1. Out of all the residues in segment 40-59, which are within 15 Å of Lys241 (Cβ to Cβ) and either open to solvent by 80 Å² or more (accessible area, probe 1.4 Å) or touching a Cys at 6+ places or on another chain (Cβ under 7 Å) (or both)?
2. Looking only at segment 4-39, count how many residues are assigned to a loop (DSSP other than H, G, I, E, B), more than 22 Å from Ala255 (Cβ to Cβ), out of contact with any helix residue (DSSP H, G or I) (no Cβ under 8 Å at 6 or more places or on another chain) and open to solvent by 90 Å² or more (accessible area, probe 1.4 Å).
3. Got a sec? Which of Arg225, Arg187 is surrounded by fewer than 16 Cβ atoms within 10 Å (Cβ to Cβ), under 28 Å from Glu250 (Cα atoms) and touching a residue at least 40 places away in the same chain (Cβ under 8 Å)?
4. Considering only segment 160-180, state which residues are under 14 Å from Thr228 (Cα atoms) and either aliphatic (A, V, I, L, M) or free of Cβ contacts under 8 Å to residues at least 40 places away in the same chain (or both).
5. Would you confirm whether or not segment 195-218 contains a residue that is buried (at least 21 other Cβ atoms within 10 Å of the Cβ) and either modelled with pLDDT of 95 or more or part of a helix (DSSP H, G or I) (or both)?
6. Looking only at segment 237-280, which residues are hydrophobic (A, V, I, L, M, F, W, C) and under 12 Å from Ile82 (Cβ atoms)?
Amino acid sequence: MNAHAWAEVLQIDDGFRLDDVDPDSTPGYRGRKADGVHDLKKGIEELSVLQERLFAESRVGVAKDAVLLVLQAMDSAGKGGIVRHVVGGVDPQGVALTAFKAPTQEELEHDFLWRVAKRLPEPGFIGVFDRSHYEDVLIGRVRELAPAAEIERRYGAINDFEADAAASGIRILKVMLHISPEEQKSRLMERLERPDKHWKYNPGDVDERLLWDDYMAAYQTVFDRTSTPAAPWHVVPANHKWYARLAVQELLLAALQGIDPQWPTADFDVDAEKKRLAAS
């Protein structure tokens with residue numbers, strides 16, 4: 001299956017229900033873990049070349065496009081693994097990673113999209129949001145951090161913001177990594193059982209688990225309200241880490257293939273420069 005077929009399989013459509021997605025499934029892929037690991041390694045070669053072409057265009061001022069990968073998920077769903085094993089396989093010079101945390105006092109004094117707009121990728125770059133502006137309609141809704149009317153306003157503000165970003169040349173790739181509560185419990189327990197994983201554990205994760213159904217309902221509303229032609233949502237079953245990584249890699253490949261960046265043409269006489277260099 002080619003990268004564009006992956007995008008079609010994983011992109012949500014009208015009538016999509018998160019409850020219908022099996023986190024253990026591997027839609028669009030018939031191989032096993034060993035096959036997935038092999039295909040991930042193979043795919044990173046093409047991804048790296050396409051990303052380098054895109055970055056090269058930015059260095060000579062001809063790049064018009066960028067890619068923004070938005071990763072959303074419950075804790076321990078594998079966002080960090082995507083960053084390391086997929087995005088980490090390309091030239092870091094052309095990657096802009098942002099891990100949004102709780103807003104600072106300065107950020108709270110502005111609209112919720114103010115800090116996000118500043119981190120949009122420039123032409124030629126792949127931007128990655130490890131959590132994003134969607135926290136403001138997920139945690140914001142579940143934890144009632146803002147009035148209901150404000151949460152409602154934010155859905156429309158997000159759609160307008162993303163439409164403007166897409167019109168500027170940013171290919172927006174929104175991905176929700178979907179794990180089961182049982183798989184999350186297993187991954188959190190592993191963090192507690194391994195001293196080298198303690199730094200990853202947050203006691204607050206257990207508190208959030210108790211609100212699992214509320215979060216799933218909040219995600220469903222996000223999909224219903226903010227999956228648009230300019231910035232559609234993709235849901236990736238993530239109980240199998242190898243599959244989630246392969247799926248996101250294929251989605252990135254589809255985005256970059258759509259841009260089709262090319263090596264910039266030299267703006268100097270190559271033969272003349274060869275002679276000058278040989279004589280130096």
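The values are calculated or read from the model by the stated rules, or taken from the named source; none is laboratory data. Remember, it's a predicted structure, so these values are computed and weren't measured experimentally. No Cβ is skipped: glycine too gets one built from the backbone with ideal geometry, and neighbour counts run over all protein chains shown. SASA here: full protein model, heavy atoms, side chains in, ligands and nucleic acids out. Shrake-Rupley method; radii C 1.70, N 1.55, O 1.52, S 1.80 Å.
1. Within segment 40-59, the first condition is being within 15 Å of Lys241 (Cβ to Cβ), and the residues that meet it are 40-41.
Across segment 40-59, the qualifying residue is only Lys41.
2. 3
3. Details: Arg187 fails: surrounded by fewer than 16 Cβ atoms within 10 Å (Cβ to Cβ).
None of the others qualify; the one that does is Arg225.
4. As a first pass, look at segment 160-180 and keep what is under 14 Å from Thr228 (Cα atoms): 160-167, 171-175.
Of everything in segment 160-180, those that are under 14 Å from Thr228 (Cα atoms) and either aliphatic (A, V, I, L, M) or free of Cβ contacts under 8 Å to residues at least 40 places away in the same chain (or both) turn out to be Asp160, Ala163, Asp164, Ala165, Ala166, Ala167, Ile172, Leu173, Val175.
5. First, pick out the residues of segment 195-218 that are buried (at least 21 other Cβ atoms within 10 Å of the Cβ): none.
No, segment 195-218 contains no residue that is buried (at least 21 other Cβ atoms within 10 Å of the Cβ) and either modelled with pLDDT of 95 or more or part of a helix (DSSP H, G or I) (or both).
6. So the first thing to find is which residues in segment 237-280 are hydrophobic (A, V, I, L, M, F, W, C), and the list is 238, 242, 244, 246-248, 251-256, 259, 263, 266, 268, 270, 272, 277-279.
Within segment 237-280, Ala238, Trp242, Ala244, Leu246, Ala247, Val248, Leu251, Leu252 qualify.
Per-residue answers, yes or no, for (1) among the charged types (D, E, K, R); (2) open to solvent by less than 50 Å² (accessible area, probe 1.4 Å); (3) within 17 Å of the chain's Cα centre (by Cα):
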{"position": "Lys101", "(1), (2), (3)": "yes, no, yes"}
{"position": "Glu106", "(1), (2), (3)": "yes, no, no"}
{"position": "Glu109", "(1), (2), (3)": "yes, no, no"}
{"position": "Trp114", "(1), (2), (3)": "no, no, no"}
{"position": "Leu120", "(1), (2), (3)": "no, yes, yes"}
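Let's see how each residue does on (1) basic (Lys, Arg); (2) open to solvent by 10 Å² or more (accessible area, probe 1.4 Å); (3) within 30 Å of Tyr155 (Cβ to Cβ); (4) without any contact (Cβ under 8 Å) to a residue 60 or more places away in the chain:
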| site | (1), (2), (3), (4) |
| --- | --- |
| Leu192 | no, yes, no, yes |
| Leu252 | no, no, yes, no |
| Pro261 | no, no, no, no |
| Pro264 | no, yes, no, no |
| Val270 | no, yes, no, yes |
| Lys274 | yes, yes, no, yes |
